[in-house]
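Have a look at the structure below, then the notes.
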Amino acid sequence: MPLIDLTIVIVYLLLMTAVGMWASKKASGSTDEYFLGGRSMPWWLLGISGMASFVDVGATALVSGILYLLGMKGIWFMWNGHIALLLSFQMVYAAKWMRRSGCATNAEWMTLRFGRGRPGSAARVATAIGALAIAIGFMPFFWRGAGEVLSGFIPFFEGQQNLAAACFFGLIALYTVSSGFHGVIYTDFFQAFLILFLILYVATQALYTGTPEYFAQHAPDGWFNPHPNGATESTPRDYSGVQAAKSLMDQLPLLLPLVGFWFLNNILQGAATPFDAWTAQRYYAAKNEREASLVSAQWISLTSLRWLLLAGIAVLALPYAMDIGHPEKTFSTVLTKVLPVGISGLMLAALISAGMSTVDTTVNSCAAYYVKDIYQPFINPDASEKKLTRIAHIVSFLILFVGGLLGTFATNIDSVWNWIIMGLFVGTLPPNILKWFWWRFNGWGFAGGCISGFLAALATFLPVIQNLKANLTTSIPLLGADQIFTFSFVFIIATLGTITFTLCSQPTNRDELVAFYQNTRPFGFWGPIRAIADSHTVAHAKAENKRDIALLPIACLWHFSLFTLWPCLIFKQWHFVIPLLATLLVTGGLLWKFWYKNLKSPD
């Protein structure tokens with residue numbers, strides 16, 4: 001790496017650390033300040049932070065590599081966790097429902113929904129333990145990713161991945177532990193501006209470079225055909241990794257059923273939201289329900305711009321097919337061979353700092369679950385705010401420390417990652433969906449559903465389940481069949497457990513259900529509760545619910561059009577750009593008239 005680029009990276013990382021340390025002065029008060037910024041931050045700042053937390057080196061390398069390899073066909077892979085459709089569900093209704101609660105965490109919210117008795121406490125503890133487990137489980141991946149990037153580009157860390165990762169985590173600890181949510185938000189703010197600058201730079205270069213002559217020389221005709229069955233010649237000419245990608249290319253005609261599964265997964269995640277700690281934190285931190293909804297709208301808009309970067313990297317990498325032996329090397333090839341000195345340093349600094357944003361968001365949001373939902377209610381109810389803040393510092397540090405140890409010594413990180421995604425996440429979807437929409441659902445059902453999902457995820461390692469999966473996936477010619485089997489197995493067991501535990505235990509107290517309904521005003525199966533709730537509140541809720549249900553598909557279509565527009569623009573596929581732009585304008589106009597203009601005014 002040239003000295004100028006190295007200097008830019010080091011100075012930028014130190015600057016971000018200094019900003020975080022400065023923010024620590026604002027977090028010296030209560031736990032509300034430490035975890036939610038005192039609920040005083042403007043919505044646009046929270047939305048910018050959300051975008052920064054959704055950008056990382058690993059996903060950038062992975063998705064830009066897929067777009068480079070497959071061209072327009074690569075856009076289908078957007079549905080595999082890279083469109084974040086749940087943000088549309090949050091924008092339309094979930095964000096305002098969360099903010100109405102006045103809670104600080106998803107776990108605390110359980111006591112509003114299920115009461116403060118044993119069922120509510122069981123649901124609260126299950127949520128808190130799950131959040132902490134996921135946070136610690138994610139740390140090894142952040143550790144490995146940081147180690148690989150820093151050791152690959154910074155000479156001092158060459159061959160020293162663990163040392164590089166330790167320094168990365170150390171910088172994060174310096175400001176995250178002391179500054180809390182303020183440090184997360186303010187560092188994200190500066191990181192986001194650099195990320196947006198580089199997105200626009202790469203997009204501009206790709207649009208300027210991608211002339212018809214350029215594409216005719218480096219990209220086959222099939223590269224611009226989005227249909228998985230269209231044009232067999234799809235990989236870039238002279239691509240050296242064609243044999244490594246042969247299995248994927250052979251299975252492309254089977255892609256559409258897998259995309260259907262990914263789409264269903266996005267819908268289920270949207271209905272279950274919030275099931276993670278870090279996205280929900282920004283809605284709980286908003287000033288009011290109006291601003292919580294606006295956070296999500298801005299989050300979607302800014303995050304969509306990432307696809308300008310991803311497609312731009314794919315276009316700029318086309319002439320270097322002989323140098324790219326694996327699709328995930330696409331990003332590093334553009335960084336070292338295409339971008340000029342200075343810009344490449346800024347690009348690396350931006351993506352490293354985006355990784356810092358992801359880590360610090362995870363650490364701060366999940367530390368809240370121990371302090372607010374385990375330590376304060378069950379261990380030391382009389383603890384002072386100073387004591388709770390000190391415990392928050394310790395827990396934040398321990399999440400980083402334990403995660404770093406796991407990253408250093410774990411030998412099969414990918415298996416752990418897959419188990420977290422398919423186990424802890426999928427296993428919590430059924431109870432998280434039912435918590436909003438079914439009055440009869442109770443705290444025992446939530447806790448039992450989470451435990452059932454956890455046990456089902458463990459059961460996927462049993463030889464009998466492994467053999468069953470192997471037999472089914474070999475007999476069914478379907479791309480991603482093993483992924484679909486694991487998801488379906490865990491989801492079905494968790495659903496059965498959720499319903500069984502619910503029906504075998506008493507319903508939540510009616511007074512508590514009425515209080516929850518009148519506070520949140522959800523749609524779904526709430527008939528017995530509506531019958532005894534305040535009639536004015538019910539009438540208002542029904543009108544709001546009808547509007548939200550009608551707006552949800554419109555918001556999802558707007559979301560999809562926005563995300564898909566940018567790669568089509570970079571690839572200059574105008575026959576897709578024009579209808580996408582028209583769809584975006586129509587759906588955007590509908591959202592402006594029926595969603596934005598109906599947001600509740602600040603009190």
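Brief remarks follow.
- Nearest-ten-degree value, helix 443-459 long axis tilted from longest Cα axis of the chain: 40 degrees
- Cleavage-rule hits (trypsin sites (Lys or Arg not before Pro)) in region 113-182: DSSP loop, at most 14 neighbouring Cβ within 10 angstrom: R116
- The rule of thumb for compact globular proteins, 2.2 N^0.38 Å, goes into the C-alpha radius of gyration of region 447-524 1.55 times.
- Inter-label distance, nm, simple model (7 Å from Cα along the C-beta direction), Q217/N598: 5.4 nm
- Distance between region 1-71 and region 163-228 - C-alpha centres, whole angstrom: 12 Å
- Model label points for T204 and A539, set 7 angstrom from Cα along the Cα-to-Cβ axis, are 5.7 nm apart.
- Counting only residues at least eight positions apart within a chain, or on another chain, the aspartates and glutamates with an alpha carbon under 13 Å from that of K386 are D32, E33.
- Answer label, with mean projected area of the Cα convex hull in nm² calculated from the coordinates and candidates (1) 26.5; (2) 37.3; (3) 34.4: (1)
- Rounded to the nearest 0.05, the FRET efficiency derived from the C-beta distance between D482 and E148 at R0 = 45 Å is 0.95.
- Modelled FRET efficiency - R0 60 Å, I578 with F409, Cβ distances, 0.05 increments: 0.65
- Among residues other than A447 with Cβ under 14 Å from its Cβ, the summed charge is +3 (Lys and Arg +1, Asp and Glu -1).
- Carbon-plus-sulfur accessible fraction, region 87-228 (probe radius 1.4 Å, protein heavy atoms only): 64%.
- In the context of the full set of protein chains, region 431-536 has a per residue accessible area of 48 Å² (1.4 Å probe).
- Computed over the alpha-carbon pairs of region 166-205, the distance histogram in 5 Å steps reads 6, 21, 19, 18, 15, 11, 8, 3, 0 percent, short to long.
- Degrees between helix 306-316 axis and first principal axis of the chain (Cα, 0 to 90, nearest 10): 10 degrees
- Kirkwood Rh, angstrom, region 1-114 [1 / mean 1/r, Cα pairs]: 18.1 Å
- Principal axis extents of the C-alpha atoms in region 483-603 (largest first, rounded to whole Å): 59, 46, 22.
- Taking label positions 7 Å along the Cα-Cβ direction at both N509 and F401, the computed distance is 4.0 nm, reported to one decimal.
- Rounded to the nearest 20, the Cβ-based charge dipole of the chain about its Cα centre (Lys and Arg +1, Asp and Glu -1) stands at 1680 debye.
- Taking 0.36 nm per residue of separation and subtracting the Cα-Cα distance, full extension of the segment from S40 to L254 would add 72.1 nm.
- Fully extended contour minus Cα-Cα distance, from A383 to V464, at 0.36 nm per residue: 24.3 nm
The values are calculated or read from the model by the stated rules, or taken from the named source; none is laboratory data. On a predicted model such as this, the values are computed, not experimentally measured, just so you know. Glycine also receives a Cβ, built like all others from the backbone with ideal geometry; neighbour counts cover every protein chain displayed. To get the accessible areas, we keep the full protein, side chains included, count just its heavy atoms, and leave off ligands, DNA and RNA. Shrake-Rupley method; radii C 1.70, N 1.55, O 1.52, S 1.80 Å.
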